[in-house]
Each structure stands twice: as C-alpha cells, then as structure tokens.
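Participant: Questions regarding the structure given below will be posed in turn.
The values are calculated or read from the model by the stated rules, or taken from the named source; none is laboratory data. As the structure is a prediction and not an experimental result, all values here were calculated from the model. All Cβ positions, even for glycine, are placed from backbone atoms using ideal geometry, and neighbour counts span all protein chains on display.
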Amino acid sequence: MLFSIVYFFSFLLFFVVVVLDCSQSKADIVFLLDSSGSVGEDNFVFLTSFIGDLISDFNIGPEFVQVGLVTYQTNVTNRFDLNRYGTKEEVLNATKQVPYSGGWTNTDLGLNHTLWHSFAEDHGARPFTTQLLLVFTDGGSNHPSSTRLVADDVKGSGVTIISVGVESGVDSPELFAIASREEYVFRATSFTDLETIKYSLENIICKIISSVGSNPQTTTTSYNPPTLQFPVMSPGNSIVMAPLPTSTETLTPTADGTDTSPAMTSTDISSSLVNTSTYTADTVSTDPETTVSPSGLPTSDGQTTPTTTRQSPSTSDNHTGRCV
C-alpha cells in the first residue's frame, strides 16, 4: 500500500516537473481538429474541452507558446492565427467557442492550410521557433494518398507533427504516416477518454518544444509541390476532378526547416477552376474571412473564390464522394 502511494506521487511529480521544465519554452503550436460528420457535435465539444485543458498547462504569450487553431471537414476553417490572442484566457475562450461543422474528412486540405497559412510569418509564426502541429481525427481521410504526401510536405518544411486518433474508426497506418515519429502517435478509445492520454501527450509536447537549437543558421532548399485536385461538379451534375498546376519555388527555411518565403492567404489555396456555384456536395462555412473551399465555390458574401498566381502543394489522388 505504501509503495503504491509513493509510486503515485512520484509519477505525478514527474509530470509536474516536465511541465515546469518547458514553462519558459518558445513554440508555435497549431491544433488541427476533425470537424467531420462522423465526429458529431457532442464529441466535438469534448474535443475542444480537451484542447483547452492542454493549453492550460503551458505558458501562453508572445514570448512563450503561441496557439493557433484550424478545423477541417469538407472545407477548412482558420479559427484563429498564432498571433491572434496574446493571453491564455483569450485562447481558452476562443477555443470554447469553436463551432462544430460536419462534412467530409478532408484531412489533406487541413494539412495543406497549416503549411501555407498557419505557419507563415504573416500569420504569427516566428523565425527560429519550434513549430508543432497536433492533428486530431476520428477516422481515415477521404483522400489517403494526398493526405500522406501533404503531411510529408508539412514535415519537410520543419514542422513537427503529432497525430491523435480517437475511437475505433481511425486508420492507424495513416496516423503513423502523418506523425513525425512513431512515438508521436496517440490513440484514445473515445472522446470522453481523451483525458487518459493527456499527461503522456503533454510530456511529448514539452520534450519537443524544449529541444530547439540555440543558434540555428539559415539554409536554402529547392521545393517542388505536387498537384492538388479538388472535386467539382460538371454540367451533368457528376463529380469530376479539376487539378491545380504544379509550381516550383525556392524556399528559405531556418535550420529547423521553417519556411520564410512569402505567406499564402487563406484564399490562395484555391485557383481558377470551373465555376461551381451549383456544387451541392458540401456546405460552405458561414465565415467569409477564414474558410477555404475548392475554387469557384461561393463564400457567404456571395463572391466566388478569387484566382491567385501562387499554387498550394498537395497531390493527385483517387478522390471519392464518401462523407464520413
């Protein structure tokens, strides 16, 4: 009995020390949350509550940990950028207010958005700072091949990815393909059981954000983004694929790979595809400023997604109309 009590308090003290050890760490952390139809509104509330619990244990502020949050389903919605809120209280309040959407599981689009928007300096990412992405999902993505390749793009840019799968419908090989390392993959049996992985997840986060180099140097690398295809409606009301042209750019990352090239805005992910104003396969978010949709889809202000000259990376994939 005495041994059990000593073990318990030793275990508790270990995690307290871990949190304290990284209390002065500087990091940019983005949460990418699955808001697809299979999650459900009640479970999504459990998820955002869990994210709030995680955030509460870190030192939030412009000189310490910054937090951004993105949700994905059929579309991608940028809920708030890394530099939007400067205090823990503001971040926690914003997290509680994130609404549930429902739709497809377009994990690849969510990953793509974090690469070109969330971790861009124009949206709060800081140079010479550890960049960490936590991806939460309850199932496999609708575009598995694209998801894996875009995840590689994100990791190639210097961002560390932790993947968290919830419930039994998760695609385990995909979780491992998304994560930067095997030990960065977590599983929870249900959304109500997320608390069971909290301390081990915090431990990994703390180790990651405490390990940044003290004097990184800038290097240059060549980067060739693949082609991202979006499902659009043809005149005959059938779903067809419209690819975006590929492009080759030279990026200037930091020593940890952080891209310091010009940032893309949330509308830059789309390009000049055919007009899809009659597209009925998804529901466009009500936030015109932060929602990314396939090109040509009308936003809530009645305007279609504008044409841009810079293209986003992803890959061609055998897209299906599965809604989960």
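Participant: For segment 104-138, name all the residues that are touching a Phe, Trp or Tyr at 6+ places or on another chain (Cβ under 7 Å) and polar (S, T, N, Q).
Facilitator: Residues satisfying the conditions are Asn106, Thr107, Gln131.
Participant: If Phe191 meets every condition in (1) of a type outside the set (Ser, Thr, Tyr); (2) farther than 15 Å from Thr48 by Cα; (3) touching a helix residue (DSSP H, G or I) at 6+ places or on another chain (Cβ under 8 Å) apart from one, which number is that one?
Facilitator: Failing condition for Phe191: (2).
Participant: Have a look at Asp57, Asp81 and point out the one that is in contact with a helix residue (DSSP H, G or I) (Cβ under 6 Å, 6 or more places away or on another chain), modelled with pLDDT under 95 and of a type outside the set (S, T, N, Q).
Facilitator: Criteria check complete, one pass: Asp57.
Participant: Given (1) over 16 Å from Ile51 (Cβ atoms); (2) at pLDDT 95 or above, where does Val164 come up short, assuming only one miss?
Facilitator: The single condition Val164 does not satisfy is (1).
Participant: Can I ask one more? Exactly one condition in (1) under 16 Å from Phe31 (Cα atoms); (2) of a type in the set (A, V, I, L, M); (3) more than 16 Å from the chain's Cα centre (by Cα) is not met by Ala188; state its number.
Facilitator: Just one mismatch for Ala188, condition (1).
Participant: Additional query: Restricting segment 186-207 to residues that are of a type in the set (A, V, I, L, M, F, W, C) and farther than 25 Å from Asp42 by Cβ, which is surrounded by the most Cβ atoms within 10 Å (Cβ to Cβ)? Lay out the reasoning, then the answer.
Facilitator: Step one: list which residues in segment 186-207 are of a type in the set (A, V, I, L, M, F, W, C), which gives 186, 188, 191, 194, 197, 201, 204-206.
Next, from what is left, pick out any that are farther than 25 Å from Asp42 by Cβ: 204-206.
Numbers: Ile204: 19, Ile205: 25, Cys206: 22.
The qualifying residue surrounded by the most Cβ atoms within 10 Å (Cβ to Cβ) is Ile205.
Participant: Looking at the structure I just gave you, is Ser146 within 22 Å of Phe58 (Cα to Cα) and modelled with pLDDT of 95 or more?
Facilitator: Details: within 22 Å of Phe58 (Cα to Cα): no; modelled with pLDDT of 95 or more: yes.
So Ser146 does not fit the description; no.
Participant: Being buried (at least 24 other Cβ atoms within 10 Å of the Cβ), out of contact with any Gly (no Cβ under 9 Å at 6 or more places or on another chain) and not in a loop (DSSP other than H, G, I, E, B): is that true of Ser145 here?
Facilitator: On the way: buried (at least 24 other Cβ atoms within 10 Å of the Cβ): no; out of contact with any Gly (no Cβ under 9 Å at 6 or more places or on another chain): yes; not in a loop (DSSP other than H, G, I, E, B): yes.
No.
Participant: Hey, another quick one. The conditions are (1) within 17 Å of the chain's Cα centre (by Cα); (2) at positive phi, and Glu167 fails exactly one of them. Which is it?
Facilitator: The single condition Glu167 does not satisfy is (1).
Participant: How many of the residues making up segment 148-158 are part of a helix (DSSP H, G or I) and in contact with a Ser or Thr (Cβ under 8 Å, 6 or more places away or on another chain)?
Facilitator: The number of residues fulfilling the criteria is 5.
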